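Every number in this text was worked out from the coordinates using simple rules, so none of it is lab data. Remember, it's a predicted structure, so these values are computed and weren't measured experimentally. In this analysis, Cβ positions are derived from the backbone assuming ideal geometry, glycine residues included, and neighbour counts consider all displayed protein chains.
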Amino acid sequence: MADPEAQDEISTPEWHRVVVIGGGNGGLAVAGRLRRYGVDDVVVVEPRDVHVYKPLLSHVAGGTAPAHITTRPQGDVTPKGVEWIRDAATAVDPAASVVELAGGRRLSYGQLVLCPGMHFAWSRVPGLAEAVSARQAVSNYELDLAVDASAALRDIREGTVVFVQPEGPGSCLGAGQKPMYQACAYWRAIGVLDRLRVVLVVADDAVFGIPEIARELERKIDEYGIELRTATELSGVDGAAKTIELATRGGGTEQLDYDVLCVEPPQVAPAWLASSGLAVPGDEKGWIEVDAETLRHPRFPDVWATGDAAGLPSDRSGGALRKQTAALAKNIVAALRGERPPARYNGYTVCPFTVSRGTVVLAEYDHRGRLKPTIPFWPAMYRENRASWIVDRHVFPWLYWHFILQGRI
């Protein structure tokens, strides 16, 4: 006969003042900021025991960074005073303020912060999941695939190389282009670029949505002799035959043979969010419904969201997260005091395009597509330059490990 006291213990959720779902950039940064503001009893739910600094994966795939510098143990980067629960969220009942975990634990909360990140939906393209599994396609969006991409791009000397950027939203959506430019610079340096056919497939109407940035990228595309396909999507992959099918928005199709295929995955919100009642109504990708400025859920005031899975109008990026977590932490502190949220996220985001092995086109802009340079008196800092590459490759990783994840900046 089951022990009634044990059953009660299992069924009764454990309460925490703030529960954070996701121990990536956004989750740890907001948890660290809350602790620095004096909020106690903050827990982070994260199943992985290794933390990856994802912006460096483009450098790994492009051959300008070693893989080992992209990771740290999750326990080492969790902010002091924050409890790490090594488990995965499987459901949220926002009406009851309860989170269900894969291991059977149930957490209740005063405030819930959702930062679960993206789910890479490889199977949305027929044949792509199988090609990736067999390493007949690579990517710069997962560490092991980025290592494989680095070797494939380094070793090829002739043939066709295809890079694919899918329809957004996506986590730093333009990042799929970064290893392409680095690889082209390498191939040119060793004298084989003219023996390679390089194709960039972009689902949008232009290589980038802001004209000033698009012109800078198109200049590099022309310089390297890259074939650009816009308004075109990857519609099928035959990894064994090394062929792909492309579909244009007008209904046309094209088949290409390839030697290397580097793909940015289709991206959706984690599936368990769909049954939580927290997603944007009618959104088939499952993004979390959230106020674009306060980052608060419009129907459940004790629920907040930030990062890749949040249904915000701004593009997803680490730079956007820094602005979001700064506002979010202040608003949660106010909510814990019974006050209205005072801070606002202004829609800022950034994408540093590594357009060679030593220069960057730094796209800083807001959700309305307006350029928003960090240094206002340098309005043309988006143009290709060496200084931005140094910041992206060396300064930001150091800041990330020592300051951003701890909620210090």
Treating the angle as unsigned and between 0 and 90°, give the value, to the nearest 10°, between the Cα long axis of helix 211-224 and the longest Cα principal axis of the chain. 40
Which length gain, in nm to one decimal place, applies between ASP144 and THR230 when the Cα-Cα distance is subtracted from 0.36 nm times their residue separation? 28.1 nm
Could you derive backbone 3J(HN,Hα) for segment 349-364 from the dihedral phi with the Karplus parameters 6.51, -1.76 and 1.60 (θ = phi - 60°), listing whole Hz in sequence and x where the residue is Gly or Pro? 8, 8, 9, x, 7, 7, 8, 7, 8, x, 9, 9, 9, 9, 8, 10
Cβ-derived FRET efficiency at R0 35 Å, ILE69 paired with ARG195, nearest 0.05: 0.65
Cα Rg, Dmax (largest Cα-Cα span) when computed across segment 121-267, Å: 14.2, 40
With each label point set 7 Å from Cα along the Cα-Cβ vector, what nm distance links ALA292 and ARG368? 1.0
Cα axis of helix 25-36 to longest principal axis of the chain: angle in degrees, 0 to 90, nearest 10? 40
Looking at the chain as a GNM with Cα springs under 10 Å, which of ASN140, ASN346, ASN25 has the largest mean-square fluctuation? ASN346
When only Cα pairs under 8 Å and 6 or more residues apart are kept, what is the percent relative contact order across segment 1-114? 35
Given the C-alpha centroids of segment 196-271 and segment 105-163, what is the distance between them in whole angstrom? 16
Helix-only [θ]222 nm of the chain, DSSP H runs n ≥ 4, -39500 (n - 2.57) each, per residue, nearest 500: -7000 deg cm²/dmol
Between helix 178-189 and the chain, what is the angle of the helix's C-alpha long axis to the longest principal axis, kept within 0 to 90° and rounded to the nearest 10? 30
Efficiency by 1/(1 + (r/R0)^6): what FRET value for ALA387 and ASN346, r their Cβ-Cβ distance, R0 = 25 Å, to the nearest 0.05? 0.55
Too-long pairs where the Cα-Cα distance tops 32 Å, listed order kept, from LYS285/LYS372; LYS54/LYS330; LYS220/LYS372; LYS242/LYS323; LYS54/LYS372; LYS220/LYS323: LYS242/LYS323
Quick check of the Kirkwood formula: for segment 254-308, what is the inverse mean of 1/r over all pairs of different Cα atoms, in Å? 13.5
Pick from GLY159, GLY251, GLY307: which residue has the top mean-square fluctuation in a GNM of the chain where Cα pairs under 10 Å get a spring? GLY251
Fraction of antiparallel bridges per DSSP, the chain only, in percent to nearest 5: 50
Once the Cβ-Cβ distance between ARG154 and ALA96 is put in as r, and R0 is 56 Å, what FRET efficiency do you end up with, to the nearest 0.05? 0.60
For segment 121-267, what does the relative contact order come out to in percent, with C-alpha contacts under 8 Å and a separation of six or more? 36
